[in-house]
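J.: Below you will find the structure I want to go over with you.
The values are calculated or read from the model by the stated rules, or taken from the named source; none is laboratory data. Fair warning: this is a prediction, and the values are worked out from it, not measured in the lab. Here Cβ is always computed from backbone atoms with ideal geometry, including for glycine, and neighbour counts include all displayed protein chains. Ligands, DNA and RNA are stripped out before the accessible areas are found, and what is left, the full protein with its side chains, is counted by its heavy atoms. Shrake-Rupley method; radii C 1.70, N 1.55, O 1.52, S 1.80 Å.
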Amino acid sequence: MKRGKRIAILTGGGDCPGLNAVIRAVTKKAIYESHLEVMGFRDGYEGIVKNRYRKLEYNDVSGILALGGTILGTSNTANPYRYVVKKGTTFEAKDLSPIALRNLKRLGVACLVCIGGDGTLAIAHRLFKDGIPIIGIPKTIDNDLRGTDITFGFDSAVCIATQGIDRIHTTAQSHHRVMIVEVMGRRAGWIGLHSGVAGGGDIILIPEIPYDMNIIAEKVKERNKKGKKFSIIIIAEGAKPKGGDIVIQRIVKDSSDPVRLGGIGFVLGEEIEKRTGLETRTVVMGHLQRGGSPTPFDRILATKLGSRAVDMIEENEFGFMVGVRGAGLVNVPLDSVAKGPKLVPPNDPLIKSARSLGTCFGD
Ligand code: F6P
């Protein structure tokens, strides 16, 4: 891409630690090395439809590496192809993509860098098919995106969840209780598995391995008999019993994935108390996992992804997401990203290691 051209960045979907680190990396390198002009759309695709943006200068992104959230704002409902507008007392979804495309063209955007998860990148792919040069950068605390070994935000979420489990350990011990920690992750168990192992959970329940209540109750009772008067259970929000169903907390109608999970920890807690007679409490880690400063790992990953995105801009390699494969970065076609979540394989080596130490997965 020629010097002096204008690129734009947006952050879409749920926020996560590391978004600002990517915005910083893309902006700094685009200005410093590639001599490009950088604009930032506000609130994800909302900004493109409403033509709300700001220019990003080198100094605007100084000092944001360690900052949580996103300085551009985000939206997990705005979609130019299905934009929800109020009509009287009702709401109607309209295709406002012609407005979005016109706004991008008028602004002279030579490449749009979309930082987001599956929903954001699916829209990015449609914009690409409609003629906009796009580069995607994968983000989500859930680590459930296809085409990349890891997403930034995941390590930070695992770190926060693990700190939570560590704290739960001491109070569980003092009160001889069963403590359940519910973590996020949507339909994938990456956060549950990793924080569960890192926090030394006795039982780890993830969506990929439906659990059996009898086995869980037995494990808790057996620990008790052996003198371990407390048990720590990590449960992913998308976990479910064998033959049972997930627990839905709410439906966010206009979201690309409208189902919001949450509450399975309380269901499990009641059942454990009933079956074991042991006092049980549930803690939901919730949005704490998405807030605050990214870990050094996520800062480094975000910096690498942002830097690589600018290399791709220089080489006019559009229609791809930057993916992590092994120790390297690869170009992943955008159309292969939104093909369902990347789940934890049942034979994941970490599951095997945990099982070999006696950790129960409820099966
Ligand atoms: O995808 C990230 C995530 O935090 C999931 O783990 C969780 O299920 C969901 O977003 C929560 O969404 P919201 O912020 O809309 O409640």
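J.: Report, by residue number, each residue of region 311-327 that is of a type outside the set (A, V, I, L, M), assigned to a strand (DSSP E or B) and open to solvent by 10 Å² or more (accessible area, probe 1.4 Å). Step through it out loud before you land on a result.
T.: So the first thing to find is which residues in region 311-327 are of a type outside the set (A, V, I, L, M), and the list is 311, 314-320, 323, 325-326.
Next, only the ones that are assigned to a strand (DSSP E or B) stay: 320, 323, 325.
Within region 311-327, Phe320, Arg325 qualify.
J.: Could you tell me how many of the residues in region 118-174 are at positive phi, within 16 Å of the ligand (Cβ to nearest atom) and in contact with a strand residue (DSSP E or B) (Cβ under 7 Å, 6 or more places away or on another chain)?
T.: Summing the residues that are at positive phi, within 16 Å of the ligand (Cβ to nearest atom) and in contact with a strand residue (DSSP E or B) (Cβ under 7 Å, 6 or more places away or on another chain) in region 118-174 gives 1.
J.: Let me ask you something else. Please enumerate the residues belonging to region 24-37 that are in contact with a strand residue (DSSP E or B) (Cβ under 6 Å, 6 or more places away or on another chain) and buried (at least 24 other Cβ atoms within 10 Å of the Cβ).
T.: If the condition is that a residue be in contact with a strand residue (DSSP E or B) (Cβ under 6 Å, 6 or more places away or on another chain) and buried (at least 24 other Cβ atoms within 10 Å of the Cβ), then Val26, Thr27, Ala30 are the ones that fit.
J.: Could you tell me whether Glu57 is exposed (fewer than 14 other Cβ atoms within 10 Å of the Cβ) and in contact (Cβ under 8 Å) with a residue 12 or more places away in the chain? Reasoning before the result, please.
T.: Values: exposed (fewer than 14 other Cβ atoms within 10 Å of the Cβ): yes; in contact (Cβ under 8 Å) with a residue 12 or more places away in the chain: yes.
Yes; evaluated as a whole, the condition is true for this residue.
J.: Ok, one more. Which members of region 155-175 meet the condition of being touching a residue at least 24 places away in the same chain (Cβ under 8 Å), over 25 Å from Val267 (Cβ atoms) and either open to solvent by 10 Å² or more (accessible area, probe 1.4 Å) or not in a helix (DSSP H, G or I) (or both)?
T.: Of all residues in region 155-175, those touching a residue at least 24 places away in the same chain (Cβ under 8 Å) come to 155-162, 164-166, 168-169, 172-173, 175.
Pick out the ones that are also over 25 Å from Val267 (Cβ atoms) and you get 155-156, 159.
Asp155, Cys159 - these are the residues of region 155-175 that are touching a residue at least 24 places away in the same chain (Cβ under 8 Å), over 25 Å from Val267 (Cβ atoms) and either open to solvent by 10 Å² or more (accessible area, probe 1.4 Å) or not in a helix (DSSP H, G or I) (or both).
J.: Let me ask another. Select from region 329-362 the residues that are in a helix (DSSP H, G or I), of a type in the set (Ser, Thr, Tyr) and at pLDDT 95 or above and list them in ascending order.
T.: Within region 329-362, Ser353, Ser356 meet the criteria.
J.: Could you tell me which of the residues Glu92, Glu37, Glu46 is over 26 Å from Ile251 (Cα atoms) and among the acidic types (Asp, Glu)?
T.: Every option except Glu37 fails the conditions.
J.: If you scan region 202-225, which residues turn out to be surrounded by fewer than 19 Cβ atoms within 10 Å (Cβ to Cβ), under 21 Å from Glu279 (Cβ atoms) and acidic (Asp, Glu)?
T.: Across region 202-225, the qualifying residues are Glu218, Glu222.
J.: Can Ala338 be described as small (Gly, Ala, Ser), within 16 Å of the ligand (Cβ to nearest atom), open to solvent by 40 Å² or more (accessible area, probe 1.4 Å) and over 28 Å from Gly269 (Cα atoms)? Spell out how you get there, then give the answer.
T.: On the way: small (Gly, Ala, Ser): yes; within 16 Å of the ligand (Cβ to nearest atom): yes; open to solvent by 40 Å² or more (accessible area, probe 1.4 Å): yes; over 28 Å from Gly269 (Cα atoms): yes.
Here the answer is yes, as Ala338 does meet what is asked.
J.: Moving on. Restricting the first residue to region 99-126 and requiring it to be open to solvent by 10 Å² or more (accessible area, probe 1.4 Å), which pairs with a second residue that is within 16 Å of the ligand (Cβ to nearest atom) and in a helix (DSSP H, G or I) meet a Cβ separation below 7 Å and a spacing of at least six or different chains?
T.: Ile123/Tyr45
J.: Which one of Val330, Val247 is among the hydrophobic types (A, V, I, L, M, F, W, C) and surrounded by 17 or more Cβ atoms within 10 Å (Cβ to Cβ)?
T.: Sole residue among the options that is among the hydrophobic types (A, V, I, L, M, F, W, C) and surrounded by 17 or more Cβ atoms within 10 Å (Cβ to Cβ): Val247.
J.: Quick one: in region 176-201, of everything that is crowded, with 23+ Cβ neighbours inside 10 Å and of a type in the set (D, E, K, R), which residue is nearest to the ligand (Cβ to nearest atom)?
T.: Arg186
J.: Any residue in region 268-278 that is within 24 Å of the chain's Cα centre (by Cα) and either free of Cβ contacts under 8 Å to residues at least 12 places away in the same chain or closer than 26 Å to Ala122 by Cβ (or both)?
T.: No - not one qualifying residue is present in region 268-278.
J.: Does Asp149 qualify as being at pLDDT 95 or above, touching a Lys or Arg at 6+ places or on another chain (Cβ under 9 Å) and open to solvent by 60 Å² or more (accessible area, probe 1.4 Å)?
T.: yes
J.: Among (1) open to solvent by 20 Å² or more (accessible area, probe 1.4 Å); (2) more than 16 Å from the ligand (Cβ to nearest atom); (3) in a strand (DSSP E or B), where does Gly40 come up short?
T.: Condition (1) is where Gly40 drops out.
J.: State all residues of region 226-239 that are open to solvent by 10 Å² or more (accessible area, probe 1.4 Å) and small (Gly, Ala, Ser); if no residue qualifies, say none. It would help to see each step written out before you state the result.
T.: Going residue by residue through region 226-239, those that are open to solvent by 10 Å² or more (accessible area, probe 1.4 Å) are 226-230, 237.
Of everything in region 226-239, just one residue is open to solvent by 10 Å² or more (accessible area, probe 1.4 Å) and small (Gly, Ala, Ser), namely Gly227.
J.: What residue, of Ile71, Ile23, is at negative phi, away from the ligand (no atom under 16 Å from the Cβ), in contact with a Gly (Cβ under 9 Å, 6 or more places away or on another chain) and in a loop (DSSP other than H, G, I, E, B)?
T.: Result of the check over Ile71, Ile23: Ile71.
J.: Against the conditions (1) open to solvent by 70 Å² or more (accessible area, probe 1.4 Å); (2) closer than 29 Å to Cys159 by Cα; (3) assigned to a helix (DSSP H, G or I), where does Arg308 fall short? Just the number, please.
T.: (1)
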